[in-house]
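The numbers here are math on the coordinates, done by the rules we state, and not lab data. Quantities reported herein were computed from a predicted structural model and do not represent experimental measurements. Quick reminder, even Gly has a Cβ in these numbers, built from the backbone with ideal geometry, and neighbours come from all protein chains shown.
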There are 2 protein chains.
Amino acid sequence: ESGATMQIRYLLNGALPAQDVARLLESSPPKERKLLWELIDHDNQGDVLQYVSEEISVQFMKDMDTERLLAVSEHFDNDDLADILQQLPETLVKEVLASMTAQNRARMESLMSYSEDSAGGLMNTDTITIRPNITIDIVFRFLRRHSELPEMTDNLLVVSRSDRFLGILPLRKLLVADTDTIVRDIMETDCDVIYAHQSAAEVAQLFEKMDLVSAPVIDPETKKLLGRITIDDVVDVIRDEAEHSMLQMAGLDDDEDTFAPIMQTTRRRAVWLGINLITAFIASYVIGLFQDTLDKVVALAILMPIVASMGGIAGSQVLTLVIRGIALNQIGSSNARWLLNREVVVGLINGVLWASVIALLTTVWFGDIKIAYVIAGAIVINLLFAALTGTLLPIALKKLGIDPALAGSVILTTVTDVIGFLSFLGLATLFLL
Amino acid sequence: ESGATMQIRYLLNGALPAQDVARLLESSPPKERKLLWELIDHDNQGDVLQYVSEEISVQFMKDMDTERLLAVSEHFDNDDLADILQQLPETLVKEVLASMTAQNRARMESLMSYSEDSAGGLMNTDTITIRPNITIDIVFRFLRRHSELPEMTDNLLVVSRSDRFLGILPLRKLLVADTDTIVRDIMETDCDVIYAHQSAAEVAQLFEKMDLVSAPVIDPETKKLLGRITIDDVVDVIRDEAEHSMLQMAGLDDDEDTFAPIMQTTRRRAVWLGINLITAFIASYVIGLFQDTLDKVVALAILMPIVASMGGIAGSQVLTLVIRGIALNQIGSSNARWLLNREVVVGLINGVLWASVIALLTTVWFGDIKIAYVIAGAIVINLLFAALTGTLLPIALKKLGIDPALAGSVILTTVTDVIGFLSFLGLATLFLL
């Protein structure tokens with residue numbers, strides 16, 4: 001083993017924090033990633049893996065035998081482990097579950113029954129629960145029996161004898177309370193709770209709105225306490241959500257691994273290029289309708305990309321704004337009409353402004369004022385359609401249950417291309433021939 | 001006053017949580033926003049305003065007199081207030097500062113000396129500090145003297161007599177410790193600290209990596225404790241950062257108000273359209289170079305948008321991926337070369353694949369195999385350039401200190417348009433005439 005390898009092995013096994021090693025794995029191309037992984041001692045792999053993004057963890061874990069998988073999985077929070085197990089081969093998962101204690105297996109099976117995008121899928125079971133009828137002094141003595149409280153413990157959860165959730169006792173209140181106070185008298189009962197079936201997006205909104213560190217998760221029927229969700233998991237949801245639109249608009253996957261291998265990347269990109277090719281051929285078909293016109297006035301061929309491009313740019317500005325507004329839950333039926341009006345007016349003003357500039361430049365370039373009128377008309381028409389489509393399309397897609405970020409940009413480009421070529425070449429056919 | 005207005009007034013003043021009223025204001029067009037605002041009692045406005053996004057808060061607050069501004073500002077966290085004061089007219093700020101107690105004024109002036117995008121700008125001064133040489137029992141008694149601990153208090157901060165930061169005592173450790181233990185013996189000294197001049201982005205990365213709820217902020221020179229940063233403020237940074245790229249790529253502002261008034265929206269959009277018009281005219285100029293060729297083979301005019309569009313789509317996929325990788329700090333000199341290689345290979349494979357499909361379709365459409373060869377060649381060339389530009393451009397812009405998300409998409413489109421038209425019409429001139 002070379003000196004350099006020994007040095008790297010030293011860095012990977014303790015000299016660097018596990019979080020940094022995880023970051024290093026994520027930032028490495030496939031081959032280097034595998035090499036680095038093999039230099040990490042088996043005993044340290046679990047510690048590192050808990051910080052690695054899910055897609056990459058699954059890649060490593062699906063090649064492990066049951067024994068190593070079990071050893072590694074001890075480092076994971078229950079909720080993360082449940083997400084990963086859901087993606088491993090069934091036989092492997094069965095073996096892992098079989099090797100767990102009955103209590104752990106029951107917990108894990110219950111967590112795995114929730115989808116990853118639900119509150120149940122985000123939830124952990126490491127709650128500290130107390131009864132309402134004890135004194136603060138007893139709470140302190142109960143806590144002191146633990147060797148350490150779970151991370152992100154900001155509240156104790158108050159439950160009945162049958163595990164029904166009653167309220168929370170924030171540590172910030174506990175620590176300032178008289179020791180002979182009864183929990184019931186200072187616990188908060190109007191606190192924010194989450195039901196297990198709620199979506200991860202709803203959970204993230206609640207955490208952001210109410211500035212929570214953790215929140216209890218409740219069974220909607222029995223009102224029993226199931227677990228809690230902590231801000232660290234919610235931060236991941238918030239980042240994923242905010243990145244989602246940008247990645248989807250470019251036809252990239254949500255959990256896109258920046259350093260995915262060639263064939264995986266090629267396949268994903270090919271699909272998106274294929275979909276966009278249909279758009280491009282539709283645009284070409286529209287141009288083809290005006291073959292005779294193009295044959296007579298070659299300046300049209302030179303100028304026509306300007307009309308399509310200005311429409312595309314204006315449309316994608318509106319589309320991006322509306323997609324973000326929908327994601328932030330800002331846009332509903334009450335304000336959609338105002339938004340549409342504004343966008344149409346903005347489109348009209350900018351249409352007239354830039355149509356004038358383009359008409360001027362065109363006149364100078366081709367010395368033909370009739371072409372200038374035609375392109376100016378087409379620009380105004382296309383910017384109006386861009387405003388309409390950019391506003392209404394994502395709202396309509398959302399209503400149809402289709403992700404506006406994914407389908408929106410393709411459809412918008414089709415519209416602005418088709419309208420752009422149609423209006424420009426159509427007006428030209430009417431007025432220039 | 002109508003019954004409906006009374007009903008709304010009732011909802012805005014207590015029936016709805018302040019956070020929901022804030023959300024309502026953010027989701028309302030300008031006129032409705034102003035009407036709603038006026039229906040909120042003066043006493044409640046501060047409570048609502050603390051949850052409203054900064055840009056909108058500033059709008060309301062710049063119209064207040066000093067007295068109201070002072071009353072409202074009592075609801076704000078120090079860090080948020082400092083950010084807002086930095087955007088208000090100077091005379092108003094002076095009056096507000098003059099009306100504060102000497103201690104508060106000193107604190108506020110110190111907070112205002114930091115930029116909003118730095119750790120100092122995110123920091124709050126509501127820390128609970130203890131000395132290292134006291135027992136846990138005394139800590140408990142000290143805490144009980146407070147009426148309530150500040151929100152998001154997960155650690156007590158241990159400082160020397162001269163306020164030098166020594167370490168943290170996590171509540172999760174405090175609560176399980178023996179009461180006669182000395183703080184020094186259980187405090188954590190290797191905890192994560194933040195220096196006041198660090199960027200907000202670095203702070204966010206640290207919080208995400210280490211799953212922090214709060215972290216102390218230290219003066220880099222004196223090592224004195226200045227304050228602390230809490231996860232709720234960091235969540236805002238994370239969301240803004242993740243949204244930043246998407247908004248910038250569409251030429252939208254970071255703090256874009258979805259319901260900004262018409263003229264403000266028009267002005268911002270106009271600038272972006274103008275920049276893109278330059279791109280469009282450059283592309284048209286390139287087409288104009290081949291006027292004779294277009295005059296002879298009109299099919300070229302029909303097909304040429306396909307070449308530009310496929311290049312643009314492929315390029316913006318790479319660009320988006322690399323911009324995100326840079327934002328996540330994943331891409332550096334060690335792996336940029338691997339990434340470039342992969343993108344070129346992916347571009348080549350997808351280029352050949354889709355060039356074949358397009359060639360086939362073109363042959364069927366125009367019954368001319370020579371045009372098919374020409375467009376296939378142009379597609380491969382353009383997808384290669386798209387891969388090169390999409391990878392290298394954002395890395396180069398970043399090195400030059402230019403935001404790759406803002407400038408990247410315009411430059412990329414220029415490249416894929418120019419290369420697309422140049423290669424397609426150039427090859428056509430060589431082989432078809």
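Points to keep in mind about this one:
- Highest mean packing first, where packing is the average number of other Cβ atoms within 10 Å per residue, the peptides A:101-107, B:408-414 line up as B:408-414, A:101-107.
- Nearby aspartates and glutamates by direct alpha-carbon distance to B:K223 (threshold 13 angstrom, same-chain neighbours under 8 apart not counted): B:D163
- The mean number of Cβ atoms from other chains found within 10 Å of a Cβ in peptide A:342-354 is 4, as a whole number.
- Each label point was placed 7 Å from the Cα along the Cα-to-Cβ direction; for A:K31 and A:D178 their separation is 7.3 nm.
- Cβ neighbours within 10 Å from other chains - mean over A:258-266: 5
- Counted by neighbouring Cβ atoms within 10 Å, the residues B:Y10, B:Y195 run from fewest to most as B:Y10, B:Y195.
- Sorted by Cβ density within 10 Å, fewest first, the residues B:E116, A:E148, B:E243, B:E208: A:E148, B:E116, B:E208, B:E243
- For chain B, averaging the sequence separation of C-alpha pairs within contact (under 8 Å, six or more residues apart) and dividing by the residue count gives a relative contact order of 12 percent.
- Working from label points 7 Å from Cα in the Cα-to-Cβ sense, the A:E188 to B:T91 distance is 4.3 nm.
- The distance from the alpha carbon centre of the range B:375-401 to that of the range A:11-42 is 30 Å, rounded to a whole number.
- Helix B:369-399 vs. chain B, principal-axis angle (Cα, 0 to 90°, nearest 10): 30
- One chain, two ends: A:E221 and A:I402. Fully extended at 0.36 nm per residue, the span grows by 62.1 nm beyond their Cα-Cα distance.
- Out of every Cα-Cα pair that the range B:3-118 contains, those further apart than 23 angstrom amount to 30 percent.
- Taking 15 Å as the straight-line reach from the Cα of B:K34, the aspartates and glutamates in range (excluding those fewer than 8 positions away in the same chain) are B:E26, B:E55, B:D63, B:D257.
- Exposure proxy order (Cβ contacts within 10 Å, fewest to most) of A:L70, A:L143: A:L70, A:L143
- Residue-averaged beta-carbon neighbours from other chains (10 angstrom radius) around B:280-289: 5
- Amide H partners (placed H, <5 Å) of A:S118, local residues excluded: A:A200
- Cα-only Debye scattering, the range B:262-431: base-10 log of I(q)/I(0) at q = 0.11 Å⁻¹: -0.51
- Nm distances between copies for B:A396, ranked from closest, using label points 7 Å along Cα→Cβ: 4.1
- A:A98-A:V352 FRET efficiency (beta carbon distance; Förster radius 56 Å; 0.05 resolution): 0.20
- Based on Cα atoms of the protein assembly as shown, Rg over Rh with Rh as the Kirkwood radius reads 1.01.
- Antiparallel bridge percentage (DSSP; both residues within the protein assembly as shown; nearest 5): 80
- Share, in percent, of DSSP beta bridges within chain A that are antiparallel, nearest 5: 80
- Sum of -39500 (n - 2.57) over DSSP H runs of 4+, divided by residues of the protein assembly as shown (222 nm, nearest 500): -21000 deg cm²/dmol
- Pairs from the list A:K173/A:K224; B:K296/B:K370; A:K173/B:K173; A:K31/A:K62 with a Cα-Cα gap above 20 Å: A:K173/A:K224.
- Once the mean of 1/r is taken over each pair of separate Cα atoms and inverted, the range B:129-244 shows a Kirkwood hydrodynamic radius of 15.1 Å.
- Distance histogram in 20 Å bins (all Cα pairs of chain B, percent per bin): 20, 39, 28, 12, 1
- Within straight-line cross-link reach of A:K399, lysines at Cα separation under 23 Å, skipping those fewer than 8 residues along the same chain: none
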